[in-house]
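> The structure that follows is given in the form of structure tokens.
The values are calculated or read from the model by the stated rules, or taken from the named source; none is laboratory data. Everything numeric in this text was worked out from a predicted model, so none of it was measured. Here the Cβ is made from the backbone with ideal geometry for all residues, glycine too, and neighbour counts use every protein chain on show. To get the accessible areas, we keep the full protein, side chains included, count just its heavy atoms, and leave off ligands, DNA and RNA. Shrake-Rupley method; radii C 1.70, N 1.55, O 1.52, S 1.80 Å.
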Amino acid sequence: MSRIAQVIVDVPSRGTDRPFDYIIPESMQGWLEIGSRVGVPFGPRTLQGFVVGLSMESDTPAVKLKPIKELLDLTPPLSEDLVELSEWMSARYACHRITALQVMLPAALKGKAERYIRVTDRSEWAERGSNLQRDPDELVLFESADELTDMEAQIVAHIQKQQEVRMEHLTRKFASHADVIKQLLQRGVLSESRSIRDKVQKKTIRTVSLHLPEDEIRTIIEEFPAKARRQKEVLTFIADTGGEIPLKDIMTVLGVTAGTVKSLADKGYIVIRDMEVFRDPYKNHSFAPSQPFVLTDEQQMVYNAIVQRLDTRTEGEFLVHGITGSGKTEVYLQSIQRVIEQDRQAIMLVPEIALTPQMVERFKSRFGDHVAVMHSRLSSGERYDEWRKIREGQALVAIGARSAIFAPFANLGLIIMDEEHETSYKQEESPKYHARDVAVHRAHQHGAVVILGSATPSLESYHAARSQSSDEFNPALLEIHGRALGSELPEVHIVDMREELKEGNRSMFSRPLHQAIEDRLEKKQQIVLLLNRRGHSTFVMCRTCGYVAECPNCDISLTFHQRSNNLRCHYCGHAQPAPEICPECGSEHIRYFGTGTQRVEEELAKLFPGIRVVRMDVDTTTQKGSHEKLLNQFRDKQADLLLGTQMVAKGLDFPDVTLVGVIAADSALHLPDFRAAEKTFQLLTQVAGRAGRHHLPGEVIVQTYNPDHYSVVHASRHDYASFVREELKHRQVLSYPPYCRLALITFSHEKLPLLVRIAENYVQMVKDHSHKLGWLGSLERFSAEALDVLGPVASPIPRLKNRYRFQCMIKWRGDMDVARLAEHISEQLQDSVRDKDLQISIDVDPQVLM
DNA sequence: AGCACGCCGACT
DNA sequence: GTCGGCGTGCTC
């Protein structure tokens, strides 16, 4: 038996980011495991912590060791593999261990210490009951107990009844007598302790069941006194139904009160108890069971490749590149089915916005109650219950967004990541993990298979599949070229908005789009309009020739800064004055860009009187369930046109949509991000996939000022391979992922001069350190190992919440531990500056460079 | 993160 | 001469 437990305590700071040793009390022997959640004394406080190791001896001097105070769960909330995973995460993403552990659990398990009050020496007092004032002889224990006033006695009695009462509850109940409670504590009549209390309680319902054998009950029913007609009915009902029946049901079905039922319990015929139940967010939905579809030949080949690995229990990764509407989901469903038959479990990750009721229904109707759904719109209680269903083995499939990758399955066989290119798989707050990388690591732990699926795979994944590297992540590429229903991909027309302007059309709708909308309205077919609002930020473009100002060093569009009236690059810091006329064609129509959905809606109403528009954007979908409501409205044909931002591009499937319009394809193209072209290509491809998915042929109209840009051209031809070829060339020349890795270091402080000095210091320190290690070098030389630092520059958001922000970027190739280097330097700098106002954040493999 | 221990200004 | 400012150091 181990004597010592290593515990990570719930304090996310540098000084406490290591295990602390505790003595395991006798009573916890055999119960305490790696992954257990415990309450421990830490300095003067009581904190929640997680056991990450067990041992016989400790290096800490015995006098310093304290015992663990309490064990918080019967079964450990974390398994050993998740504890190991947290160690890997803290190293890879430079985060505190506790932060990594915490992200794996539902918020409900983030307990905080609370004060609990009880009457001192409970056993003595319990016997005395309410006589405590009348029997002063026995109260020698407390010198002044015989002087208890009425108020004091009342408080003591209240506490005694419940044995232990939370301080918070007490101060609320006896709000005006806080001083009395304080005094009782001082005199020792009451004592306090601290204990960890969870945020969410398990939910229970009152149930009723027979307390005697059924034949006995039948006899009792026979002989029931006639005037107790109601009770007789109730008892008969319970005997007939059998098992545990919710009290509520009895009351509604028979129209009786709780009192009637209770008197039966008092007679000892039945028992009433609180039964633990799971909150079911989908309890009001019914799901018609569905059967597997017959797979197309292509689907079958993909499925066979996956099943081959599953059946031989070999780990492996697959990248399934299937065009929109190719029926990837059906392949996922059948693969999951296989894994379940093997007594293993599966995780299905989808982007948050794609986790629609449609999607959930598909899984629930195939796998019934074995599905646990985890998404952000659940209450913390609901999320906790879904999590427990997984932990306790009731659920076999977890479907959810990013954090579902931590679903606590014991025997994981398959992890699927749909729309794997989505940036929402990267968490923006600490721990800044990427679910794809975590998935690969977890799969290695379990010998499980990983499937990444997308119509537009990320360049990182695609490149990893293409190059035969010996990396940890080396997926096999599987392709699906045809659509499941045999429909054709829609025809895409590119409209050159420069031409429109030349011909005098200043409206946001080109003539072809205008005409097409009119046509569909007439035919009573539906339209989806996409306004890409990511480009709301200000890039400078010439309306006449499409010229966009770009940085000479970085090949990235410049951002317009109104304050200083100049253009800047967020990568290297380059700045130049804002042009008055277009440097390419001399036109005066040069301006910065941005259009809102609201304006488009107004414009639509003006141009097409009577048009029924459903607008979907952050403004209209913040309310719970509004997303679903708007989509249903559109599905039920209560609207002709669905107008929205990115969210209309994903996964929606409406049979009568025959026209998809993209108002401004360019708006994401000129964001200061090296992934701008990739994002544009992905968005156009995805949104084009919304049209003509069923019998009616679809058409897509893309308006753009850059009709020749390769992301637009290749998207219009549905040509992923050509796009990738071209984009990879750019990435290679400029040394961006997948040809190197990135870490973004962001500094923030209230005082600008200090901040600049720190940022410059940091960059210098990175250079010095990596030079010493022999890492520093130019990445452009195609060396296998090299590291380079860019910046520091002001962040794209230079001031946030009264704090200035600077950033620098580390680029490297090779498998050196840059996260550790970055963290090490952070700590050195923090130590030398000694300013706790200084924040340094490290983002390894950033997806958004802000 | 808290909380305590520890060295320098405005007050009974 | 004391109460208290928050600098820095520790928490098994």
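> What FRET efficiency, computed as 1/(1 + (r/R0)^6) with R0 = 41 Å and r the Cβ-Cβ distance, is obtained for A:Gln291 and A:His730, rounded to the nearest 0.05?
0.30
> Rounded to whole Hz and in sequence order, give me ³J(HN,Hα) for segment A:11-25 from the Karplus expression 6.51 cos²θ - 1.76 cosθ + 1.60, θ = phi - 60°, writing x for Gly and Pro.
Per residue, the Karplus-derived 3J(HN,Hα) values read 9, x, 9, 5, x, 10, 7, 7, x, 10, 8, 9, 7, 8, x Hz.
> Related question: What FRET efficiency comes out for the pair A:Ala91/A:Val11, r = Cβ-Cβ distance, R0 = 22 Å, nearest 0.05?
0.70
> Counting alpha carbon pairs within less than 8 Å and at least 6 residues apart, what relative contact order, in whole percent, applies to chain A?
Rounded, it is 9 percent for chain A.
> Assuming R0 = 45 Å, can you tell me the calculated FRET efficiency for the pair A:Asp280 and A:Glu192, based on Cβ-Cβ distance, to the nearest 0.05?
E between A:Asp280 and A:Glu192, to the nearest 0.05, is 0.70.
> Which lysines, if any, have their Cα less than 20 Å from the Cα of A:Lys637, not counting same-chain residues under 8 positions apart?
A:Lys523, A:Lys524, A:Lys629, A:Lys650
> Please give the solvent-accessible surface of A:Trp31 in Å², to the nearest 10, using a probe radius of 1.4 Å with every protein chain present.
140
> Something else about it: What is the total of Lys pairs in segment A:267-417 with C-alpha atoms under 29 Å apart, excluding same-chain pairs fewer than 8 positions apart?
6
> Percent of accessible area on segment A:665-752 owned by carbon and sulfur, 1.4 Å probe?
54
> So what is the accessible area of chain A per residue, in Å², with the probe set to 1.4 Å?
Accessible surface, normalised per residue, equals 46 Å².
> Expected output is a single nm value to one decimal: the length gained when fully extending between A:Arg466 and A:Lys606, i.e. 0.36 nm times separation in residues minus the C-alpha distance. What is it?
45.4 nm
> Then there is this: So what's the gap between the Cα centers of segment A:647-688 and segment A:1-66, to the nearest angstrom?
51
> Can you pull the accessible area of A:Val793 for me, 1.4 Å probe, Å² to the nearest 10?
10
> Nearest 20 debye, what's the magnitude of the dipole of chain A about its Cα centre given +1 on Lys and Arg Cβ and -1 on Asp and Glu Cβ?
With Lys and Arg at +1 and Asp and Glu at -1, about 1500 debye.
> Using 7 Å Cα-to-Cβ label points, what is the A:Gln576/A:Gln515 separation (nm, one decimal)?
Between A:Gln576 and A:Gln515, the simple spin-label model gives 3.9 nm.
> To the nearest 10 square angstrom, what accessible area does A:Arg18 show with a 1.4 Å probe?
Result for A:Arg18: roughly 120 Å² accessible.
> Here is a further query. So which trypsin sites (Lys or Arg not before Pro) in segment A:752-808 are both in a DSSP loop and have at most 13 other Cβ atoms within 10 Å of their Cβ?
Hits after loop and neighbour filter: A:Lys801.
> If I fit a long axis through the Cα atoms of helix A:511-523 and take the longest principal axis of the Cα atoms of chain A, what angle between them do I get, 0 to 90°, rounded to 10?
With rounding to tens, the tilt is 50 degrees.
> In sequence order, what are the phi-derived ³J(HN,Hα) couplings for segment A:88-99 according to the Karplus relation 6.51 cos²θ - 1.76 cosθ + 1.60 with θ = phi - 60°, rounded to whole Hz, with x for glycine and proline?
So the Karplus estimates, Gly and Pro as x, are 4, 5, 5, 6, 6, 10, 6, 10, 5, 4, 5, 5 Hz.
> What's the extension gain from A:His211 to A:Val180 if we count 0.36 nm per residue and subtract their Cα-Cα distance?
6.7 nm
> List the residues, sorted by chain then number, that are 5 or more residues from A:His493 or on another chain and whose placed amide H is less than 5 Å from its amide H.
Close amide H contacts, sequence-distant or interchain: A:Val700, A:Ile701, A:Val702.
> A further question on this structure: Check the straight Cα-Cα distances from A:Lys69 and name the lysines below 27 Å, setting aside those fewer than 8 residues away within the same chain.
A:Lys69 reaches A:Lys110, A:Lys112, A:Lys161, A:Lys182, A:Lys199, A:Lys202, A:Lys203.
> Can you give me the distance in nm between label points at A:Asp59 and A:Ala153, each placed 7 Å from the Cα along the Cα-to-Cβ direction?
Output for this residue pair reads 6.0 nm.
> While we're here: With an 8 Å cut-off on Cα pairs and a minimum separation of 6 or more residues, tell me the relative contact order of segment A:297-480 in percent.
This gives 34 percent for segment A:297-480.
> Roughly speaking, what is the centre-to-centre gap between segment A:805-836 and segment A:162-236 when only Cα atoms are used, to the nearest Å?
A separation of 55 Å, based on Cα centres.
> With each run of n ≥ 4 DSSP H residues scored as -39500 (n - 2.57), what mean residue ellipticity at 222 nm is computed for chain A after dividing by its residue count and rounding to the nearest 500 deg cm²/dmol?
Computed mean residue ellipticity for chain A: -10000 deg cm²/dmol.
> Hey, another quick one. Under a crude label model (7 Å from the Cα following the beta-carbon direction), how far is A:Glu80 from A:Thr171 in nanometres?
4.4
> Taking all protein chains together and a probe of 1.4 Å, list A:Tyr433, A:Tyr269 from the most accessible to the least accessible.
A:Tyr269, A:Tyr433
> Place a +1 charge on the Cβ of each Lys and Arg in segment A:661-729 and a -1 charge on the Cβ of each Asp and Glu, then give the dipole magnitude about the Cα centre in debye, rounded to the nearest 20.
Computed about the Cα centre, the dipole is about 200 debye.
> Here is a further query. Going by amide H atoms built from the backbone, whose H comes under 5 Å of the H on A:Ser195, apart from near neighbours?
A:Glu114, A:Tyr116
> Return the sequence-ordered ³J(HN,Hα) values of segment A:574-583 in whole Hz as given by the Karplus equation 6.51 cos²θ - 1.76 cosθ + 1.60 applied to θ = phi - 60°, using x for Gly and Pro.
4, 9, 8, x, 6, x, 8, 10, 5, x
> Multiplying the sequence separation of A:Lys227 and A:Lys66 by 0.36 nm and subtracting their Cα-Cα distance, what value in nm do you get?
51.5 nm
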